[in-house]
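Structure first, commentary second.
The values are calculated or read from the model by the stated rules, or taken from the named source; none is laboratory data. Owing to the predicted nature of the structure, the values given are computational and were not obtained by experimental measurement. All Cβ positions, glycine included, derive from the backbone under ideal geometry; neighbour counts span all protein chains shown. Ligands, DNA and RNA are excluded from the accessible area calculation, which covers all protein heavy atoms including side chains. Shrake-Rupley method; radii C 1.70, N 1.55, O 1.52, S 1.80 Å.
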Amino acid sequence: MDASLSFCVPQAFIVDRDGSIAFIGDPDMLEDVLPKVIDGSWRASAEAKNAEEERIAAGETYAAEIVP
């Protein structure tokens, strides 16, 4: 989880058909994200890029707070 900048538990990890991590985030988002990963529309979507940027920004902020 450290490598993915994921500090909160639980975190959902979705792997797409290519074996790439398509999503890392809140399990509550699975209902919306999983169908898009399955049909192949998630990876190139603006929604995916925004979710990843928000997750990384939140992880960096949290890491800065806990590291003295």
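Data for the structure
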| item | result |
| --- | --- |
| Local electrostatic count at ALA12 - Lys and Arg +1, Asp and Glu -1, tallied over other residues with Cβ under 9 Å | -2 |
| For the chain, calculated [θ]222 nm from helices alone, where every DSSP H run of n ≥ 4 adds -39500 (n - 2.57) | -15000 deg cm²/dmol |
| Relative contact order, percent, the chain [alpha-carbon distance under 8 Å, six or more residues apart] | 29 percent |
| Solvent-accessible area per residue, Å², over the chain with all protein chains present [probe radius 1.4 Å] | 71 Å² |
| Choice from ALA46, ALA58, ALA12 showing the highest fluctuation, given a GNM over the chain with Cα pairs closer than 10 Å | ALA46 |
| Nearest 10 degrees, 0 to 90: helix 46-66 Cα axis against the chain principal axis | 20 degrees |
| Candidates ARG55, ARG43, ARG17, ranked by Gaussian network fluctuation over the chain, Cα under 10 Å, top entry | ARG17 |
| Proportion of all alpha-carbon pairs of the chain beyond 20 Å (%) | 28 percent |
| Residue among ILE24, ILE56, ILE38 with the largest mean-square fluctuation in a Gaussian network model of the chain, springs linking Cα atoms under 10 Å | ILE38 |
